[in-house]
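Have a look at the structure below, then the notes.
The values are calculated or read from the model by the stated rules, or taken from the named source; none is laboratory data. Everything quoted here is computed from the prediction, not taken from an experiment. Positions of Cβ are backbone-derived with ideal geometry, glycine not excepted, and every protein chain shown enters the neighbour counts. The area values use the complete protein model at the heavy-atom level, side chains included, leaving out ligands, DNA and RNA. Shrake-Rupley method; radii C 1.70, N 1.55, O 1.52, S 1.80 Å.
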Amino acid sequence: MGEKITYETIFARSFSRYDQKKLGYGAFLGCLLIALSFCIVFKPYLGPLPVLNMRMSMDVGLNMLRIMDSFSSEKLRGGDISSSMTTIVTETSSSEIEMVEESDTTGTNETISNGTTVINNKNSSQQKEMKTVCHVEESTEFCEMNGDIRVDGKSSTVFMAVDTMVANSSWVIGPYARRGDEEAFKRITKWSIKSGVDAYEEAPQCDQRHNVPAIIFSTGGYAGNNFHDYTDIVLPLYLTSRQFDGEVKFLITDKNPWWIEKFRNILQKLSRYELVDIDKEVNVHCFTSVIVGLKRYPKELKIDPSKSPYSMKEFRQFLRSAYSLKKENAINMKDNGGKKRPRLLIVSRKSTRAFTNTNAISGMATRLGYEVVVTEVDSHVARVAEMVNSCDVMMGVHGAGLTNMVFLPENAILIQVIPIGGFEWLAKTDFGEPSKDMNLRYIGYKIKTEESSLIQQYPPGHEILNDPYAVQKRGWYEFKSIYLQKQNVNLDVDRFRATLLRALELLHQ
């Protein structure tokens, strides 16, 4: 039988072993060139990769706490959604890292009666964006979520109901804007934010769907103290919700009915919808956008207009609108020609840090040309706002009542009486600096030891009178128990007279 001729036999006879090796190398390189050409030609037709959009300020430090990157696909009513999701948590006072989830779909949108958008399997393309961005800043933390969001009040949990098919991601947040204050957070409910496989499987079915965004915030913490009412809740709520122009639903945790009643005008101005006491809700509420927690700036009663679309001027205009306040500007004595007296409001207190000689102060001010009003501010905000707004000068001892300066007209004057105890830093932080952003003129009057009631409780030369900074070193509670809770003020009216004259000078400018 003859020799069987094969392709390999012919190849071997035609080329030497050295030639065969060279041909093999050439074939290999040729394949690489073909593959590279294929990639170059068809690159424009390949799908986009997931986008991680980062915006960072170079002047601040950034500590990225967690990045979870995942790839998945989900079928939603016949439409295939290929998605990737990255959960970012940032710790910074001014920079932001934002996760963007892009999904390529083939389908069209169908909006049903409750405002929910459904993707149908049609021959058109659509991009669906989903975000979970958690911000950890100096004085607050908050998470912004977009997608299929389900809020379960019974478990204090917010679910991102997306089948990411990856490791789980969770975050616990106290929705109150005074981060780091352990005492305040003893009265704050912690909320869990979950995404990932378990979150998708655990997410309860929707009982109520809403076609407006939601904001979850607490009225616990230091609520009830007028200063903290505004700097921890009212102003942060304004910063967080104003962008929605009333089209937003408030889900309140740690709800205090008296607080809701106190600030009803403001709440109704910010949201057109009925408030939800989310802690008592049996139903699961579903949204396409939820913010858990409130935005705020590190300084008290502060809005940084360089980092916000709003300002303290606009916030005060908002308050004037909410309470229908008529007086926009303080009196100008130069234009007035002396025909009308400037109104002076003396904020009195019943217990601590009270004026013990209010009548003497009022009489001296009247002789200088003021129309004097003496009142104690209370929880009836509408009445207090109207009273404060009608005045040109407001004076009082350092305390929460001075927060009502937010209702003063433009160019009005705030006089803060500063007790002994090393209050200067607190007085400046709480009212001195904030007043400037409110377009108010500020005068601080630091009392002498002889004007403090503490001289009746401690002998001359005592540490309490001579070295308050030594007391401060022993802790806030001892400092507070002495200088805030045991001290009243007996103003030296002759010495204080110069302060009221200075206020009159400012009103003439």
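Among the residues of segment 252-280, write down those that are open to solvent by 50 Å² or more (accessible area, probe 1.4 Å) and either in a helix (DSSP H, G or I) or not hydroxyl-bearing (Ser, Thr, Tyr) (or both).
Matches in segment 252-280: Lys255, Pro257, Trp258, Glu261, Arg264, Asn265, Gln268, Lys269, Arg272, Glu274, Asp279, Lys280.
Could you go through segment 449-466 and let me know if any residue there is touching a Pro at 6+ places or on another chain (Cβ under 8 Å), within 17 Å of Val417 (Cα to Cα) and open to solvent by less than 80 Å² (accessible area, probe 1.4 Å).
There is at least one residue in segment 449-466 that is touching a Pro at 6+ places or on another chain (Cβ under 8 Å), within 17 Å of Val417 (Cα to Cα) and open to solvent by less than 80 Å² (accessible area, probe 1.4 Å).
Residue check, Lys486 against (1) among the charged types (D, E, K, R); (2) without any contact (Cβ under 8 Å) to a residue 60 or more places away in the chain; (3) within 14 Å of Pro419 (Cα to Cα); (4) open to solvent by 40 Å² or more (accessible area, probe 1.4 Å), all met but one. Which one?
If we test Lys486 against (1) among the charged types (D, E, K, R); (2) without any contact (Cβ under 8 Å) to a residue 60 or more places away in the chain; (3) within 14 Å of Pro419 (Cα to Cα); (4) open to solvent by 40 Å² or more (accessible area, probe 1.4 Å), just (2) comes out false.
Scanning segment 320-340 for residues that are more than 30 Å from Leu501 (Cα to Cα) and in contact (Cβ under 8 Å) with a residue 40 or more places away in the chain, which turns out most open to solvent (accessible area, probe 1.4 Å)? Show your work before the answer.
Initially, segment 320-340 is screened for residues more than 30 Å from Leu501 (Cα to Cα), giving 321-324.
Now drop any that are not in contact (Cβ under 8 Å) with a residue 40 or more places away in the chain, which leaves 321-323.
Numbers: Ser321: 59, Ala322: 15, Tyr323: 24 Å².
My answer is Ser321.
Counting only residues that are open to solvent by 10 Å² or more (accessible area, probe 1.4 Å) and touching a strand residue (DSSP E or B) at 6+ places or on another chain (Cβ under 7 Å), how many does segment 411-441 have?
Selection size over segment 411-441: 8.
Which numbered condition in (1) farther than 21 Å from Ser289 by Cα; (2) part of a loop (DSSP other than H, G, I, E, B) is the only one that Pro204 fails?
Result: Pro204 fails condition (1) only.
Please tell me if Val374 is touching a strand residue (DSSP E or B) at 6+ places or on another chain (Cβ under 7 Å), aliphatic (A, V, I, L, M) and open to solvent by 20 Å² or more (accessible area, probe 1.4 Å).
yes
Return the pairs, sorted by first residue and then second, in which the second residue is in a loop (DSSP other than H, G, I, E, B) and open to solvent by 50 Å² or more (accessible area, probe 1.4 Å), the first residue lies in segment 369-395 and is farther than 22 Å from Asn336 by Cα and modelled with pLDDT of 95 or more, the beta carbons are less than 7 Å apart, and the residues are 6+ apart or on different chains.
Pairs found: Val384/Asp378.
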